[in-house]
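Report on one structure; see the data block that follows.
The values are calculated or read from the model by the stated rules, or taken from the named source; none is laboratory data. The structure presented is a predicted model; accordingly, all values stated were derived computationally and were not measured. Glycine also receives a Cβ, built like all others from the backbone with ideal geometry; neighbour counts cover every protein chain displayed.
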Amino acid sequence: MGTYVVTGSASGMGWATAARLRANGHTVIGVDIQPADVVADLSTPAGRRAAVDAVLSACGGRLDGAVLAAGLGPTPGREQPTLITEVNYFGVVELLQAWQPALAAADRAKVVVFSSNSTTTIPAIPGRVIRALLDGDGEKAVRTLRLFGPAASSMAYGASKLAVSRWVRSRAVTRNWAGAGIRLNALAPGAILTPLLEKQLSTPAEAKAIHSFPVPIGGFGDAGKLADWVVFMLSDAADFLCGSVVFVDGGSDAYFRAGDWPKSVPFWRLPAYLRRFRGFKQ
Ligand code: NAD
């Protein structure tokens, strides 16, 4: 039996994941701003540091897996772009960087980061915001997001999930992660009926936008079934899964972007591709 940390363990998909892992006999260290094993506010550097330290002390320096589910939705509000980027991006990458040695200490540890299908279905997310987040400059990211006025929260949400997915894909294949035996992947859900979505549905304008959004399967996803995906991605079955973003979204991404991926490397990027190819070391 293993030891797993689950952020966002007090509600929704994080709660459902923690419940399944515990039912399977694993030890779970839940982290949340609401009641949990470790209560911490992941929207501040001090809160993230407290979460890091408390988990490292509770796990004894070894983690078989981590699930990063704490997150905020695209609720409108002046301070939301800051909160969203702090929790959804820095609340993932700072924790994972600090827990990496504990994950490396386990045998084939698995990490599942919650992304979203907003990464590919919200149009025109500015690359500048993604670059600022990946550079660790949250203030610069928020300054650009504020230019979007009433759409700033929704852009912040899409940007936070896009940046965290890019972070996962770029780090997953490196010596510190794949090379240390850690499988780092992301799960990109569509609209899943959790307290986060229920809050959005309680606002008529947001409810209208959500109900009119194209979902080929129809309806909403179920938190328990998404937790089953997470448990699968933490299992031995996922030993060969590395740097993937798994979409479980009722078909919205495929509906909008069927021709965009998979895609061959374009001719003009061949030199960069060949450099990567020749530079590969196990
Ligand atoms: P939820 O609101 O039910 O759960 C999120 C949890 O994160 C809550 O327990 C909350 O207390 C915690 N959290 C929020 N801010 C925090 C902070 N500052 N510090 C510590 N904990 C904090 O949401 P959910 O729908 O289960 O979402 C889980 C993840 O999935 C999130 O990252 C969300 O962005 C993502 N997601 C959700 C949906 C959806 O439709 N529900 C779709 C795509 C992605």
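Of all residue pairs spaced 6 or more apart or on separate chains, those with beta-carbon atoms under 6 Å, a first member in the stretch 231-255 that is under 23 Å from Leu21 (Cβ atoms) and a second member that is at pLDDT 95 or above and aromatic (Phe, Trp, Tyr) are Val248/Trp229. Among residues belonging to the stretch 1-32 that are hydroxyl-bearing (Ser, Thr, Tyr) and either surrounded by fewer than 23 Cβ atoms within 10 Å (Cβ to Cβ) or over 17 Å from Leu103 (Cα atoms) (or both), point out the one that is nearest to the ligand (Cβ to nearest atom). Among those that are hydroxyl-bearing (Ser, Thr, Tyr) and either surrounded by fewer than 23 Cβ atoms within 10 Å (Cβ to Cβ) or over 17 Å from Leu103 (Cα atoms) (or both), it is Ser11.
If you check Val164 against the conditions, is it assigned to a helix (DSSP H, G or I), within 12 Å of the ligand (Cβ to nearest atom), among the β-branched types (Val, Ile, Thr) and on the phi < 0 side of the Ramachandran plot?
yes
Take Ser170 and tell me if it is more than 16 Å from the ligand (Cβ to nearest atom), within 15 Å of the chain's Cα centre (by Cα) and surrounded by fewer than 18 Cβ atoms within 10 Å (Cβ to Cβ). Spelling it out, Ser170 is indeed more than 16 Å from the ligand (Cβ to nearest atom), within 15 Å of the chain's Cα centre (by Cα) and surrounded by fewer than 18 Cβ atoms within 10 Å (Cβ to Cβ). Within the stretch 177-216, the set of residues being more than 14 Å from the ligand (Cβ to nearest atom) and surrounded by fewer than 13 Cβ atoms within 10 Å (Cβ to Cβ) comprises Gly179, Pro204, Ala205, Lys208, Ser212, Pro214, Pro216. Candidates Gly259, Gly251: the one that is under 26 Å from Ser154 (Cα atoms), out of contact with any Phe, Trp or Tyr (no Cβ under 9 Å at 6 or more places or on another chain) and surrounded by 11 or more Cβ atoms within 10 Å (Cβ to Cβ) is Gly251. Within the stretch 113-127, residues that are more than 23 Å from Cys242 (Cα to Cα) reach partners that are near the ligand (Cβ under 9 Å from one of its atoms) and of a type outside the set (Val, Ile, Thr) with beta carbons closer than 8 Å, at six or more positions or on different chains, in the pairs Ile122/Tyr157. When the stretch 167-201 is filtered for residues that are assigned to a helix (DSSP H, G or I), under 27 Å from Cys242 (Cα atoms) and charged (D, E, K, R), the ones remaining, listed by number, are Arg169, Arg171. Among the residues of the stretch 33-43, those identified as within 11 Å of the ligand (Cβ to nearest atom) and either within 16 Å of Trp99 (Cβ to Cβ) or hydrophobic (A, V, I, L, M, F, W, C) (or both) are Ile33, Ala36, Val38, Val39, Ala40, Leu42. Just so you know, in the stretch 44-66 the residues that are surrounded by 21 or more Cβ atoms within 10 Å (Cβ to Cβ) and assigned to a loop (DSSP other than H, G, I, E, B) include one that is nearest to the ligand (Cβ to nearest atom), and it is Leu63. Taken together, the residues in the stretch 95-137 that are closer than 30 Å to Asp236 by Cα and either polar (S, T, N, Q) or within 12 Å of the ligand (Cβ to nearest atom) (or both) amount to 12. Take the conditions of a type in the set (Val, Ile, Thr), assigned to a strand (DSSP E or B), within 13 Å of the ligand (Cβ to nearest atom) and at pLDDT 95 or above and apply them to Val87. Does it pass? For Val87, the condition - of a type in the set (Val, Ile, Thr), assigned to a strand (DSSP E or B), within 13 Å of the ligand (Cβ to nearest atom) and at pLDDT 95 or above - is not met. Of all residues in the stretch 217-235, those satisfying the criterion of being away from the ligand (no atom under 13 Å from the Cβ) and either assigned to a helix (DSSP H, G or I) or over 25 Å from Ala106 (Cβ atoms) (or both) are Ile217, Gly218, Asp228, Val231, Phe232, Met233, Leu234.
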